[in-house]
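> Take a look at the following structure, please.
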Amino acid sequence: MIKTKTKTSIALLISTLALLAGCSTLDRMTELQHNYTDGSSGPGGLSRKAVMLGYGGPVKPWNELAIVTTDSTLVVEAIDGVPASSFRLWKNKSLAATGRFQLHLPPGEHVLTMSFSDNRSSRIRSWSQFNQDFAVNLVAGQVLHLEKRTDGNTWGVSRYDGSRAKAVIQIDFYNLERANQAEAY
């Protein structure tokens, strides 16, 4: 009888420790990474994902481009004064309101006209009343991650090195490219 209680107590202790370790791991997993992976992956990975090619012509090799990613609240309205609707946009079919966005641009100086719309909460929603221009100077192979920053009633954009998420960015890109090609036929 004592051996059974001891085994049960040890099993409960191990289970409790495993649960606590899992909770601390989950806490670390929910910390912002300040890159593309912060965008919601949604239930079962079914979040909204979008790729915008900020140039004309055929798809260019990765080593000739820079990638700009945004948090799920920022919206690219124009690139160098050209409306974003003028560029190719590939996106998955998803009911999710937020997700991951990547913009492929040739290296050099660019002006991104941006707005934001934050509807991640059912109780609090916010949006920009005016667009803002943000200058970026990009080099080939660079991954730049942009996030909305607020300070009282004003907003801006914070910039981060997004290169740690390059593998996920590439997977999403190739999946959306493949889906786009399938729809074209």
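> Report ³J(HN,Hα) in whole Hz for each residue of segment 145-157, in order, from the Karplus equation J = 6.51 cos²θ - 1.76 cosθ + 1.60 where θ = phi - 60°; Gly and Pro get x.
Taking θ as phi minus 60°, the curve returns 10, 10, 10, 5, 10, 10, 9, x, 8, 10, 9, x, 10 Hz for segment 145-157.
> Using mean Cβ contacts within 10 Å as the protection proxy, how do 105-116, 60-71 order, highest first? Please list the in-between numbers first.
Working: 105-116: 17.1, 60-71: 19.0.
Listed from highest to lowest mean packing, they are 60-71, 105-116.
> What translational diffusion coefficient, in µm²/s and rounded to a whole number, does the Stokes-Einstein relation yield for segment 57-113 at 4 °C and a viscosity of 1.567 mPa s, taking the hydrodynamic radius as the Kirkwood radius over Cα pairs?
It diffuses with D of about 101 µm²/s by this estimate.
> Now for a separate question. Output the Cα-based Rg and Dmax of segment 128-185 in Å, rounding Rg to one decimal and Dmax to a whole number.
Calculated on Cα positions, Rg and Dmax stand at 16.0, 49 Å.
> Considering only protein heavy atoms, with the full assembly of protein chains and a 1.4 angstrom probe, order SER158, SER117, SER86 by accessible area, largest first.
Sorted by accessible area, descending: SER86, SER117, SER158.
The values are calculated or read from the model by the stated rules, or taken from the named source; none is laboratory data. This structure is a prediction, so every number in the text was calculated from the model and none was measured. Heads up, the Cβs are rebuilt from the backbone with ideal geometry, glycines too, and the neighbour counts pull from every protein chain shown. In case anyone asks, the SASA skips ligands and DNA or RNA and just uses the protein heavy atoms, side chains included. Shrake-Rupley method; radii C 1.70, N 1.55, O 1.52, S 1.80 Å.
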